[in-house]
């Protein structure tokens, strides 16, 4: 098995974590751990593992809730999850797979069960090959370009109705969300079918009539033409569902756990995208600015490389 793979073991029993970690480390894996669901979600947000070995019954946040949250998010839905639990009845096993588990191992377990379970899910979710990467890179770039332009257009329209520069409208909405600690909603008055909600560190737009939707990543200095890994993956998925534009590319991403990251790295190496930067004129305090550092933007060279439609 690939010794470079990162495995996250989540269990409220320290002995289980120690035993599983020792098994995997002997095979060359990098292993991290969490004692409950809340710790697991924080760890995954910081660094996405290649596989998660997850207990079901834990205090504070159980494994079922963790799995449901991960499978519902485009950013984490492709991470394979192996449930490691004492729940061994037929309905327990079928229910676990029904919620999206990629593997199911019951306690007590053996070294071979853990090893074979990992081998199975890693085989089912292989890494993206260079050949497939290059075959779909231009289409991925096109999606980045379209998301960037559409995000900018919608943000500018919303800002214009308030008589504000786009960056000021974005920062104002984000400040309201942060102060209230809840999502901030609104709609485009000239086109009331368009609704928006400040969620997390971005803005979700949705047209109740046409069904079009996208999630925009607010960039440094309130840039509206930026995107991140989660939002471009989400855009490709929703465009596939809405009008079937990226069905093959979406399938590639779904079937390869490292696809989005590899596409981003490749486009960056070609000079087609780069880290988004601001002029510093509208910056937040340091803690808030730090949340906007993972944004990307299509370069002028990238615009030239976008396939003609």
Worksheet, complete the sentence: Projected onto their principal axes, the Cα atoms of the chain stretch, largest extent first, over whole-Å spans of 64, 46, 39
Item to complete: Starting from the Cα of residue 162, step 7 Å along the direction of its Cβ; do the same at residue 116; then give the gap between the two resulting points in nm.
Response: 5.8
Worksheet, complete the sentence: Percent antiparallel among DSSP beta bridges confined to the chain, nearest 5, equals 55
Response to the item:
Footprinting proxy, 224, 47, 208, 73: sorted fewest to most Cβ within 10 Å, the residues are 47, 208, 73, 224
Response to the item:
Computed from the beta carbon distance with a Förster radius of 25 Å, FRET efficiency for residue 77 and residue 268 to the nearest 0.05 stands at 0.60
Discussion item. What would the Debye equation give as log₁₀ I(q)/I(0) for the range 31-90 at q = 0.28 Å⁻¹, counting only Cα atoms as equal point scatterers?
Written reply: -1.37
Discussion item. Can you give me the C-alpha center-to-center distance between the range 4-28 and the range 153-228, rounded to a whole angstrom?
Written reply: 42
Practice prompt. Determine, for each peptide in 159-166, 100-107, 19-26, the mean count of other beta carbons within 10 angstrom over its residues, then list the peptides with the highest first.
Written response: 100-107, 19-26, 159-166
Worksheet item: Computed FRET efficiency, Cβ-Cβ of residue 109 and residue 38, R0 35 Å: what is it to the nearest 0.05?
Response: 0.90
Item to complete: For residue 195 and residue 149, compute 0.36 nm times the residue count separating them, minus their Cα-Cα distance, and round to one decimal in nm.
Response: 14.8 nm
Worksheet entry | Taking 90, 206 and counting other C-beta atoms within 10 Å, the order from fewest to most | 90, 206
Discussion item. Per DSSP helix of 4 or more residues, -39500 (n - 2.57); summed, then divided by the residues of the chain. What does that give at 222 nm, rounded to the nearest 500?
Written reply: -15000 deg cm²/dmol
Worksheet item: Using the alpha-carbon centroid of each, what span in Å lies between the range 39-79 and the range 101-128?
Response: 16
Worksheet entry | For the range 179-257, convex hull volume per residue from C-alpha positions, Å³ | 123
Fill in: Residues residue 6 and residue 241, FRET efficiency given R0 of 22 Å [Cβ-Cβ distance, rounded to 0.05]
0.15
Worksheet item: Can you put 203, 93 in order, fewest other beta carbons within 10 Å first?
Response: 93, 203
Worksheet, complete the sentence: Stokes-Einstein, Kirkwood over Cα pairs, the range 6-124, 4 °C, 1.567 mPa s; D in µm²/s equals 93
Worksheet item: Quick one: in the range 130-305, what % of C-alpha pairs are over 27 Å apart?
Response: 26
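FYI, it's all coordinate maths here, none of it is from the lab. Predicted model, so just to flag it, every value in this text is computed and none were measured. Glycine also receives a Cβ, built like all others from the backbone with ideal geometry; neighbour counts cover every protein chain displayed.
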